[in-house]
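Bear in mind that the values in this text are calculations on the coordinates, not laboratory data. These figures come from a predicted structure and were not determined experimentally. All Cβ positions, glycine included, derive from the backbone under ideal geometry; neighbour counts span all protein chains shown.
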Amino acid sequence: MPDKYGKSYDWEEEVECAECGGDGQYEVCKPVIDYTHGGYYDNDMEECETCGGSGVVYQEIEEE
Ligand SMILES: [Zn+2]
């Protein structure tokens, strides 16, 4: 690794997060217990844990 240049980021590539498709968040169905109506599913936007909401992840470039 190129420590002498202090550019370790050269070995990482910014790629679109495969988990959320680059949106940084995704829709989730949360079951809500409602004793009056018997419960339902509520749509909610959840921040993607894989990319932390940025939509991109850093992948190490592997040199062959
Ligand atoms: Zn993501």
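Here the chain is assigned +1 on the Cβ of each Lys and Arg and -1 on the Cβ of each Asp and Glu. Its dipole about the Cα centre then comes out at about 280 debye. Each label point was placed 7 Å from the Cα along the Cα-to-Cβ direction; for Gln25 and Tyr41 their separation is 2.0 nm. All alpha carbon pair distances within the chain were sorted into 10 Å bins beginning at 0; the resulting P(r) in whole percents reads 21, 27, 22, 15, 8, 5, 1.
Counting Lys and Arg as +1 and Asp and Glu as -1 over every other residue whose Cβ lies under 15 Å from the Cβ of Asp42, the net charge comes to -3.
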